[in-house]
Every structure is written in C-alpha cells, then in structure tokens.
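Chemist: Before we start, here is the structure in question, set down as structure tokens.
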Amino acid sequence: MRSAYEVLVSMSIIGNFIPFLFMFGAMVKLQDEPAGAGVLRVPGGPAVARFLGVMGFLVSAAAIVLACVPADEEPNKTLAVIKVLGASVALVAIGAMIYQMGKRRS
C-alpha cells in the first residue's frame with residue numbers, strides 16, 4: 001500500500017512541475033522580445049532574468065528527476081521507476097488527448 005502511495009505522490013510532483021519547465025524556459029526565451037506597455041520586467045535586466053530562468057528550470061528539472069528515485073525500502077526499484085514514469089507519461093498523454101478533443105469541437 002505504501003508503494004502505491006509513493007507512486008501517486010511522485011506522479012503528482014512530476015505533473016505539477018512540468019508547467020514550471022515551460023514557464024522558466026519561456027522566461028529565458030522572452031528576454032529577447034521588446035516589453036509591451038504595462039509589462040513588468042525582472043529587476044536587474046535581461047541577464048538577471050535569464051539567470052533566474054535557467055536556475056528555475058534546473059531546479060524544476062531536478063525535482064522531476066528526484067521524484068523518479070524510489071525509496072530505499074522499495075524492494076523492486078526498477079519496477080517502481082517504470083511505474084512512476086509510465087503513469088506520468090500516461091497522465092500527460094490523456095491530458096493531451098482531452099485537449100485535442102476540445103480543440104476539435106471549438
């Protein structure tokens with residue numbers, strides 16, 4: 001029972017941190033674009049914003065990688081990693097399919 005709980009927690013960590021990868025990646029990429037009216041820039045300029053974006057991306061990626069590491073008490077570590085990764089990929093794929101179905105209707 002504990003193993004199933006740990007898989008669910010790892011899946012939720014992965015699912016919650018994926019959007020942060022996109023957000024911090026966009027922060028780095030958008031520093032080349034001119035700021036529109038009413039847009040607040042990061043204090044310190046583009047160099048600081050890029051540094052913070054890269055750091056945020058790396059920390060988010062590390063959290064996703066560490067969520068895949070099974071607990072020491074796990075008897076079959078390979079199976080635990082496969083369950084976490086497989087279930088996370090399935091969760092993202094289901095979300096993408098629901099998005100595509102909604103996009104076709106509109």
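Quick note: the coordinates plus some simple rules give every number you see, no bench work behind them. The structure displayed is predicted, hence computed values, not measured ones. For neighbour counting, all protein chains shown are included, and Cβ atoms are generated from backbone atoms with ideal geometry for every residue, glycine included.
Chemist: For segment 1-91, which trypsin sites (Lys or Arg not before Pro) are in a loop by DSSP, counting at most 15 other Cβ atoms within 10 Å? Each step should come with its number before you reach the end.
Modeler: Values: sites: Arg2, Lys29, Arg41, Arg50, Lys77, Lys83; in loops: Arg41.
Passing sites in segment 1-91 are Arg41.
Chemist: In µm²/s, what is D for the chain at 25 °C and 0.890 mPa s, where D = kT/(6 pi eta Rh) by Stokes-Einstein and Rh is the Kirkwood radius from Cα pairs? Write out the running numbers ahead of the final one.
Modeler: Numbers: Rh = 16.2 Å.
Diffusion coefficient, whole number: 151 µm²/s.
Chemist: If each DSSP helix of 4+ residues adds -39,500 (n - 2.57) and the sum is divided by the residues in the chain, what number results at 222 nm, nearest 500 deg cm²/dmol?
Modeler: Details: 3 runs with 79 residues, N = 106.
Taken over the chain, the calculation gives -26500 deg cm²/dmol.
Chemist: At R0 = 25 Å, how high is the FRET efficiency between Leu66 and Met1 if r is their beta carbon distance? Nearest 0.05 is fine.
Modeler: Working: r = 23 Å, r/R0 = 0.91.
E between Leu66 and Met1, to the nearest 0.05, is 0.65.
Chemist: In which sequence would Ser88, Ser106, Ser10 go, from the one with the fewest C-beta neighbours within 10 Å to the one with the most?
Modeler: Details: Ser88 21, Ser106 4, Ser10 24.
The fewest-first ordering by Cβ neighbours comes to Ser106, Ser88, Ser10.
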